[in-house]
Structures are given as C-alpha cells and as structure tokens.
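Please treat every number below as a calculation from the coordinates, not as lab data. Just so it is clear, the structure is predicted and the values come from calculations on it, not from any experiment. Reconstructed Cβ throughout: ideal geometry from the backbone, glycine too, with neighbour counts over all protein chains shown.
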Amino acid sequence: MRLSIALFLMLLAAACDRQKASGSQPDTQGAGVSPAAEEKGLDRRHVGRLAPDVEFRDPSGETASLADFKGKPLLLNLWATWCAPCVAEMPTLDALAAAQGGKAGGGKLQVLTVSQDVEGQEARVEAFFEERKLGALEPYQDPQLQLMEKLGVGTLPTTILYDSKGREVWRMVGALDWNGAEAAKLIAEAR
C-alpha cells in the first residue's frame, strides 16, 4: 500500500499544473515517471455520477464525508500546499466561500477545499490557512488521497460541482479564478 501511495504521489506531482512552489513539490522530471495525461479545463464526462462514499478529516480531526454536505450544491476543491496553481487559486475560493456565507454556509453554494497533502502534513496545511488568513474556508484533509483515487483525479487542482443531491454537474481540471465571469457562469448551474 505504501509503495502504491508513493508511486501515486510521484504521478500526482508530475500532473500538478507544472508550476513548482518554492522547492516544496517533489521533482519527478527525469525520474522515469510520465505525467498523468489529463486535459485541463471543463470536464462534463462524469455528469450525474454520485459523490463517492469516502472518509476524510474535518478541521478538528474528526471523520467527514461528502454525504455530510448534501442538501445544498457543493463545490469541492482538491488541492495541495506544494501545488503552485492550487496555492494561487485559494484566495479566490476563499472569497467565493465568503460570498456564500463562509463557514456558516448561509448562501446557495457550499465551498469545500480538501487538502491532498499526505499523512504527517496536517500542521503544514493548518499553517497554510493561518499564514494566508483564509477565513471563510476550513482546512479539511485527505492524507490517504482517497478522494483522488475514487474520483479518478490525476491533476491538482481539480474542482467538482455537485448538485444538492450529491450528483456531479461538472469538474474543472486546473486552476480558475473563482471570482471571474467564467466561474460565475459555471456556478450558476448549481441546483
């Protein structure tokens, strides 16, 4: 299992939008690992698929799942602290979450960011949120990378919109300005 996680992480590092965050992303170039071939942009191939029943950690370290967020549309963002495009888009996700009611989730849309940093990186993720003063988002974590595996995600960041019944509407592979016109048009599809 550990070997498969290590191999998966090497592939994942190669698949992150190719930008390197100040030496913190593993260098897999030339290591005999080919990057995952996943097209960047809007992907509607998974429309209607139910959110997987996978457990991850909430900010207090307790077990959470996507089922906990049913009842309202959910924008799920998979990211990592070592992924430069993930880091760049996080302030726009925080602003979107704030516009939607923040942690209280009073708006039409829930925004959930789940770190894909591996086991032992919990403090790093929490520090990331504190340093950047992300007040509307919370540091959920999936150190076993179960969400990526069950969702078939090979590139970070990947953001998936689920409807209020937990069915996938679309996914965005790669970074996006979540406060821009393109994002607003896509989010309007939430029901």
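In the structure shown, do any of Lys108/Lys133; Lys40/Lys108; Lys40/Lys185; Lys70/Lys133; Lys133/Lys165; Lys40/Lys133 have a Cα-Cα gap over 21 Å, and if so which?
As for pairs spanning more than 21 Å Cα to Cα, those are Lys108/Lys133; Lys40/Lys108; Lys70/Lys133; Lys133/Lys165; Lys40/Lys133.
Classify the stretch 87-191 as rounded, prolate or oblate, taking a ≥ b ≥ c as the square roots of the eigenvalues of its Cα gyration tensor: rounded when a/c is under 1.5, otherwise prolate if a/b is larger than b/c and oblate if not.
Oblate, since a/c reaches 1.5 and b/c is not below a/b.
Among Tyr162, Tyr140, which comes first, then next, by fewest other beta-carbon atoms within 10 Å?
Ascending number of Cβ neighbours within 10 Å: Tyr140, Tyr162.
Once you order the gyration tensor axes a ≥ b ≥ c over the Cα atoms, which shape class does the stretch 51-126 get: rounded for a/c under 1.5, otherwise prolate or oblate by comparing a/b with b/c?
In terms of gyration-tensor shape, oblate.
Give the residue from Leu161, Leu176, Gln146 lying farthest towards the positive end of the charge dipole for the stretch 64-191; charges sit on Cβ (+1 for Lys and Arg, -1 for Asp and Glu) and the dipole is referred to the Cα centre.
The listed residue farthest towards the positive side: Leu161.
Rounded if a/c is under 1.5, else prolate if a/b is larger than b/c, else oblate: which is the stretch 146-191, with a ≥ b ≥ c the root eigenvalues of its Cα gyration tensor?
Taking the square roots of the gyration eigenvalues as a ≥ b ≥ c, the stretch 146-191 is oblate.
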